[in-house]
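Notes follow once the structure below has been shown.
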4 protein chains.
Amino acid sequence: MSHTYTLLASCRDRVGIVSHVSHFIAQHNGWITEASYHTDSVSHWFFMRHVIVADSLPFDIDEFQRRFLPCAEELNLQWSISDSAKPKRVVVLVSKEEHCLAELLYRWRTQDIRFEIAAVISNHGTMRDYVEFHGLPYHHIPMAQDNRQQAYAEMDTLFQTCQAEVIVLARYMQIIPEELCQQYQGRIINIHHSFLPSFVGARPYHQAYERGVKLIGATSHYVTGELDAGPIIDQDVIRVNHDTLVDDMVRLGKDVEKIVLARALRYVVEDRVIIHGNKTVVFS
Amino acid sequence: MSHTYTLLASCRDRVGIVSHVSHFIAQHNGWITEASYHTDSVSHWFFMRHVIVADSLPFDIDEFQRRFLPCAEELNLQWSISDSAKPKRVVVLVSKEEHCLAELLYRWRTQDIRFEIAAVISNHGTMRDYVEFHGLPYHHIPMAQDNRQQAYAEMDTLFQTCQAEVIVLARYMQIIPEELCQQYQGRIINIHHSFLPSFVGARPYHQAYERGVKLIGATSHYVTGELDAGPIIDQDVIRVNHDTLVDDMVRLGKDVEKIVLARALRYVVEDRVIIHGNKTVVFS
Amino acid sequence: MSHTYTLLASCRDRVGIVSHVSHFIAQHNGWITEASYHTDSVSHWFFMRHVIVADSLPFDIDEFQRRFLPCAEELNLQWSISDSAKPKRVVVLVSKEEHCLAELLYRWRTQDIRFEIAAVISNHGTMRDYVEFHGLPYHHIPMAQDNRQQAYAEMDTLFQTCQAEVIVLARYMQIIPEELCQQYQGRIINIHHSFLPSFVGARPYHQAYERGVKLIGATSHYVTGELDAGPIIDQDVIRVNHDTLVDDMVRLGKDVEKIVLARALRYVVEDRVIIHGNKTVVFS
Amino acid sequence: MSHTYTLLASCRDRVGIVSHVSHFIAQHNGWITEASYHTDSVSHWFFMRHVIVADSLPFDIDEFQRRFLPCAEELNLQWSISDSAKPKRVVVLVSKEEHCLAELLYRWRTQDIRFEIAAVISNHGTMRDYVEFHGLPYHHIPMAQDNRQQAYAEMDTLFQTCQAEVIVLARYMQIIPEELCQQYQGRIINIHHSFLPSFVGARPYHQAYERGVKLIGATSHYVTGELDAGPIIDQDVIRVNHDTLVDDMVRLGKDVEKIVLARALRYVVEDRVIIHGNKTVVFS
């Protein structure tokens, strides 16, 4: 794996943005291995992502930031640059369903996706052994009617001590309080077991069964204060028919959920996603 | 194409249904080319479909019906038998969008699907030439605020004089009145340009664009009094991304709509669909 | 999970097969929860699968076999009946790639698929810890040019002491000798990382990259003496484009491989597959 | 539809290409609505496509070409620029199968794809009425063993008098002679009814049936001297199973063929495709 910087930026659309930014990189002899652009012609907003080989530049990431500043200011860019040598720190929240956690542990163990797992948090103790086998800290924070506020405070502390950059709800079947959603805005991703916006909320496979749909799906999205209504990162579906019972949907759906969540997490930790209003630009 | 009878039946589940029915067919030496069974284990209802080579039986379809009656009564079957030599009579309703009509005309012209088009009805005159080139009757029934009742009465008359067995709303952008829905219950199929139950009603691609979904779809369903809420026959989706504008969705969606509608129509005219509550059993 | 028997059978097609078999089950009051039939109209061969609730029958599986024998003989059935209380014993062979093994361990650990892992065999020692964490035996049988015959003899002994019913090559990158293929005919399944028959043999993703295909795939099939040419159980594909390098294909392909292999294994251990010539009937 | 120019270019990769080209466009105040870039990191070749609003530039396309020349020469660009006001002239070749032709006529009639049909050529007379209804010229050029050379000479003359820019083999079941392939290199596209490279040549659905595959597909590719081996533009697949006879595959495959061909044609006439060796870069 090569050492790269990823520059993610957006601004109001105008003539010459690409020219400016690509000129800045070219004048320092920066070797661009990936470049993606998108113009939202409705909101007149422009988005871009560049991956630059670190060693092709005559300076480090801090100096890049200093030198790029005038260009960024002229264009009124909202921007960030990340370093592939510092993989994102991720905290994973789970309940009792294992498939998404197992998928993420596999991705981490084999570094199929480049990220760090700072901690696993669960309201159940069931997966402690499996997580600890991986040498990862497992925090059991039980959830009951009367301790939720305290439990979420504990979680918040953990996020901070862990320096969590991304929080993944890997079928964590609890609703995150509004305050936490706002505090970690744009950093919490969820996997919902339906093709949103169909079947928001509880027991989506039951809802799907009742409606008699011929495809079921899963959606990974950013968590906002409104349940299952945040910006969608990725979705996929699988075919079912009249023979597919709810239990079959649950089983078949797991394959879609874990793959969609893994894809979304890759996009997020590789800085491929920009949130724009309630939508996402995903440079896949 | 061989000459066959298709027996479609359902009843409360019990031991011995298949044994009874298959025994009846076997004792008359009936050659079954397709046999499909389904048990709904929630409602305890049983469904079956047999395709029998006509010439393998020692009698015609009327005699089949007479002789099968005792067996059907013993099992309390809801049943029908159809004759491949009498293709279903279909009336197609369209507005201005041509893709679904063109698809159905192609399927009919080449007999890719075995059905007859009894008439095409439109609230616009735009596609008359194209339809009449095919030697098919084109009825222009304009729709305005003040003539809807009369227009639908005219349509109803047409359905009856045409002996329409199936009515296809091929992107007919008008809402069918409740009375007609009930009168032709289980005989009107629609193509809705979204992955239902997402984006019911008007302008679903605009709704999809606003929500930022990553897949768009189309749904063919039976029409009931409740808008876009009838039993689903088939659905499919296609991938979109942040770059896909509403106009692109409209364009991409057409490919899905016409294929899904054609599949649904095939299922219907080949007697592969049984409506059960608000769902369908589709022996595809 | 209910206790069921699965009857899998095939014979030359004739009138009355379903009638006979369903009559036999019905007369003993057998409650059929799944029934699937297929006629191969080219070879005139008939296939069927019944799942029967064990407790609905007045006798056990041995008595079923005795009593069914005359019926089976009259129809010249090739048949087997299995007991859900005795899950299939599976031996998994792996090399260094972990994704398929991890997937199978997850399926086994959570009993998402009902089967037993009798042993894991590898030509490398790398995954010992992970397998042993699961409480499963790990056998390291190294493969070198000069010990292959002895290594495969050792493997054969293991298959027998393990009473292996199914052997899964979970990206086991060694070619199984002809004798073993024959000895375990219809019991070894492989996952090949291409959409067969495209790209047989080594480095299929490199071949796919060179050819410039726009979809890549994976195929699970029974192993025969001819490389990658056995009966196909399941396949799937994923979209790629000009941007997808070989390494990306390897990475993307893993998601397809593991899901296809898991589906195929489910079909096999749930007695849903009948091999017919070089093809399969899969009652999915 | 807006009036745009599409600039398609490629060259050996080096630092500063995007900077150069985007600077050229920006300095003339060119409004870029689509910009796509691709680096082939194996061959070190760089590809790009820009769509520029015609009216945003202070000069016309001829002047653009003159002024861009120095920039293009410095970068050693292989490039072309096209004008949306001059849709591509397409000649369609068909045999007896109607589905692809009907699809293309629909796309042209509704301008779902922006192109002109200069002529339809067939070795049969069967579709003359349907084509002539559209007001398009239909040329019947029969093919027999002893007149092929003359027939292809006639075709060549037609291509030239038609000023054909793209030639589409819409299930034209004849092999194009090597000389024509070379003369019209990069301008003839074919739809092959298999998922290439599987099942090259005649009767691919028969081959697929024999092999027992679980998905069948279609491939649109540029025609070269080697049968079914040219650069692939697009592919897709559809699921089949043990129940799918060859005739069913033929029928199901048609839906895939026509959609894949239409997608490929769109890419071609919208200048989204660059041929690179035996592969394509498709800026979809």
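The values are calculated or read from the model by the stated rules, or taken from the named source; none is laboratory data. These numbers come from a predicted model, not from an experiment. Positions of Cβ are backbone-derived with ideal geometry, glycine not excepted, and every protein chain shown enters the neighbour counts. The accessibility values were calculated without ligands, DNA or RNA, using every heavy atom of the protein model including side chains. Shrake-Rupley method; radii C 1.70, N 1.55, O 1.52, S 1.80 Å.
Roughly speaking, what is the stretch gain from D:S284 to D:E226, that is 0.36 nm per residue apart minus the C-alpha to C-alpha distance, in nm to one decimal?
18.3 nm
If you count, for every residue in B:30-38, the Cβ atoms of partner chains within 10 Å of its Cβ, what is the mean? If you can, show how the numbers build up before the last one.
Working: counts 2, 4, 9, 3, 5, 7, 4, 7, 5.
Per-residue shielding by partner chains comes out at 5.
Given the protein assembly as shown, what percent of its DSSP beta bridges are antiparallel, to the nearest 5?
Just about 70 percent of them are antiparallel.
Rounded to two decimals, what is Rg over Rh for the protein assembly as shown when you use alpha-carbon atoms and the Kirkwood radius?
0.96
How far, in whole Å, is the nearest Cβ of chain A from the axis relating it by rotation to chain B, and which residue carries it?
A:S198, 2
Set the bar at 20 Å for Cα to Cα. Now go through B:K96/B:K254; A:K258/B:K279; A:K254/C:K254; A:K279/B:K258 and name every pair that lies beyond it.
From B:K96/B:K254; A:K258/B:K279; A:K254/C:K254; A:K279/B:K258, over 20 Å: A:K258/B:K279; A:K279/B:K258.
Give the percent of DSSP beta bridges with both residues in chain D that are antiparallel, rounded to the nearest 5.
The answer is about 70 percent antiparallel.
Given the options A:Q65, A:Q27, A:Q207, which has the most mean-square fluctuation in a GNM of chain A, springs set between C-alpha atoms less than 10 angstrom apart?
Highest fluctuation of the listed residues: A:Q27.
Out of B:S80, B:S122, B:S43, any idea which swings most in a Gaussian network model of chain B, alpha carbons joined below 10 Å?
Ranking B:S80, B:S122, B:S43 by mean-square fluctuation puts B:S43 first.
Once all Cα-Cα distances of chain C are split into 10 Å bins that start at 0, what whole-number percent is in each one?
Result, from short to long distances: 6, 26, 31, 23, 11, 3, 0 percent.
Please provide three numbers in whole Å: the alpha-carbon extents of segment B:4-83 along the principal axes, with the largest listed first.
Cα spread of segment B:4-83 along its principal axes, largest to smallest: 38, 23, 20 Å.
Choose one of C:V268, C:V256, C:H242: the residue whose Cα lies farthest towards the positive end of the charge dipole of chain C (beta-carbon charges +1 Lys, Arg; -1 Asp, Glu; about the Cα centre).
C:H242
Excluding ligands and nucleic acids, what accessible area in Å² is computed for B:H192 using a 1.4 Å probe, to the nearest 10?
10 Å²
Which of the aspartates and glutamates could be linked to C:K88 by a straight reach, that is with a Cα gap under 16 Å, when you skip same-chain ones fewer than 8 residues away?
Within the straight-line cut-off, C:K88 pairs with C:D112, C:E116, C:E165, C:E270, C:D271.
How much accessible surface area, in Å² rounded to 10, belongs to the heavy atoms of A:D62 with a 1.4 Å probe?
80 Å²
Within segment B:29-138, what percent of beta bridges assigned by DSSP are antiparallel, to the nearest 5?
Close to 50 percent.
Between the helical axis of A:148-161 and the dominant principal axis of chain A, each derived from Cα atoms, what acute angle in degrees is found, rounded to the nearest 10?
30 degrees
Given 25 °C and 0.890 mPa s, compute D for segment A:89-134 with the Stokes-Einstein relation, Rh being the Kirkwood radius over Cα pairs; round to the nearest whole µm²/s.
Once the numbers are plugged in, D ends up at 228 µm²/s.
Go from 0 up to the bin containing the longest alpha carbon distance in segment A:108-197, width 5 Å each, and give me the % of pairs per bin.
P(r) over segment A:108-197, rounded to whole percents: 3, 11, 21, 26, 21, 13, 5, 1, 0.
Put a label point 7 Å from Cα along the Cβ direction on C:R67, then list its distances to the equivalent points in the other copies in nm, shortest first.
List, nearest first: 3.1, 8.6, 9.2 nm.
Would you mind listing the distances between the A:A144 label point and the same position in each other copy? Use 7 Å along Cα-to-C-beta, nm, one decimal, shortest first.
Here the equivalent label points are 6.2, 7.2, 9.4 nm apart from this one.
Within 10 Å of each Cβ in peptide A:113-123, how many partner chain Cβ atoms are there on average? Round it to a whole number, please.
Numbers: counts 1, 0, 0, 0, 0, 0, 0, 0, 0, 0, 0.
That average works out to 0.
Please work out, to two decimal places, the log10 of the ratio I(q)/I(0) at q = 0.11, 0.18, 0.21 Å⁻¹ from a Debye calculation in which every Cα of segment B:191-284 carries one identical scatterer.
-0.31, -0.76, -0.97
Just to verify a number: what accessible area does D:T157 come out at with the full protein assembly present, 1.4 Å probe, Å² rounded to tens?
Answer for D:T157: close to 80 Å² accessible.
Using only the alpha-carbon atoms, how far is helix B:61-75 inclined from the longest principal axis of chain B? Give it as 0 to 90 degrees, nearest 10.
Long axis of B:61-75 versus the principal axis of chain B: about 80 degrees.
For the pair C:A153 and A:K86, what calculated FRET efficiency results from E = 1/(1 + (r/R0)^6), where r is the Cβ-Cβ distance and R0 = 51 Å, to the nearest 0.05?
Step by step, r from the Cβ atoms, then E = 0.50.
When the helix-only estimate is applied to chain A (DSSP H runs of n ≥ 4, each -39,500 (n - 2.57), divided by the residue count), what is the mean residue ellipticity at 222 nm, nearest 500 deg cm²/dmol?
My calculation for chain A gives -10500 deg cm²/dmol from helical runs alone.
Compute the long axis of helix A:17-27 from its Cα atoms, compare it with the longest principal axis of the Cα atoms of chain A, and write down the angle in degrees, 0 to 90, nearest 10.
Result, in degrees: 70.
Got the C:H206 label distances to the other copies yet, label 7 Å along Cα→Cβ, in nm, shortest first?
Spacings between copies for this position, smallest first, are 3.6, 5.4, 5.5 nm.
What do you reckon, how do D:D55, B:D236, C:D243 stack up by accessible area (1.4 Å probe), largest on top?
Final ranking, largest accessible area leading: D:D55, C:D243, B:D236.
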